[in-house]
1. Would you pick out the residues in the range 244-291 that are touching a helix residue (DSSP H, G or I) at 6+ places or on another chain (Cβ under 9 Å), within 30 Å of residue 44 (Cβ to Cβ), in contact (Cβ under 8 Å) with a residue 40 or more places away in the chain and assigned to a loop (DSSP other than H, G, I, E, B)?
2. Looking only at the range 58-72, filter to residues that are buried (at least 19 other Cβ atoms within 10 Å of the Cβ) and modelled with pLDDT under 95; which one of those is farthest from residue 333 (Cα to Cα)?
3. (1) within 12 Å of residue 195 (Cβ to Cβ); (2) surrounded by fewer than 20 Cβ atoms within 10 Å (Cβ to Cβ); (3) within 21 Å of the chain's Cα centre (by Cα): which one isn't true of residue 244, the others all being true?
4. Any residue at all in the range 313-326 that is outside any loop (DSSP other than H, G, I, E, B), buried (at least 21 other Cβ atoms within 10 Å of the Cβ) and modelled with pLDDT of 95 or more?
5. Report, by residue number, each residue of the range 267-279 that is crowded, with 19+ Cβ neighbours inside 10 Å and within 20 Å of residue 241 (Cβ to Cβ).
6. When you scan the range 146-160, do you find a residue that is assigned to a helix (DSSP H, G or I), closer than 14 Å to residue 85 by Cα and in contact with a helix residue (DSSP H, G or I) (Cβ under 8 Å, 6 or more places away or on another chain), even just one?
């Protein structure tokens, strides 16, 4: 009835594989919704294997209802706010959005007798984002939404102050006009608590898009141990960007930390080893550092920067692709999962 388990495969491994498969499907649903709000054509979304907006929303609703959501609820809410802020599409998908919002409200632990009012509050917050951005007001959509919906969704302070992904910059690299992506926030988590975020060999543990990295075996490959548990290695990154597109990219990573016990900083640099059929530029850094002065003294500053260029014009035209998929997914996991029990937010 339950099928055969391959010899040498434990039940836990099978469960983990199923969980990872569901997490990838849910990540693809968020990507589908964000590709729609980024004005990708129906043919382009179909080519990428992305679901139609209502189908993607319903898939997420089912996961929430079944208590089977394996991506951060903040990643889902972020996509709804983008839907409300990137055009007049919210009303066209109102019923599906209402079902998803109601599921998220219930999952937040809101008492049954308060679910209807809380759902209406969240939907009103989305409508407010829709109205004010459509009117051309200079607002920060997430801040506007969170200000009105935090109580109804019982958002934590770290969720209210969600890191914002900025992909507005253009960067000239190696003769290419690459897209610059940047995130910076502060948190009460220590640099040691955040070291998993800087270690690319662990990104697959929290990401809906990243596969486990394997060593790159090309000529001149590098594999070096550095002091305090640091290292420099050539690895193959696999990012399942959409169901029909996985990016396979050889990157040289340099991971370093100030000390093993309680580091004041943890840092990662990475650069493309050689161009692929898909990517001409992929380089950046992650820096997690204890602040020594100013109003954030004693806290941790997290800075993530990336430059990326796609040869495929469809991906290059999807200018917000990193912020819509793997980059925001990973950064949200770092900010929220690393928050302390006191709930002190990133800023």
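1. 244, the sole residue that qualifies.
2. By that ranking, first place goes to 69.
3. Unmet for residue 244, out of (1) within 12 Å of residue 195 (Cβ to Cβ); (2) surrounded by fewer than 20 Cβ atoms within 10 Å (Cβ to Cβ); (3) within 21 Å of the chain's Cα centre (by Cα): (1).
4. For the range 313-326, residues outside any loop (DSSP other than H, G, I, E, B), buried (at least 21 other Cβ atoms within 10 Å of the Cβ) and modelled with pLDDT of 95 or more: absent.
5. 270, 272, 273, 279
6. yes
The values are calculated or read from the model by the stated rules, or taken from the named source; none is laboratory data. The shown structure was predicted, so the numbers you read here are calculated from the model rather than taken from an experiment. Every residue, glycine as well, gets a Cβ built from its backbone with ideal geometry; the counts of neighbours run over all protein chains shown.
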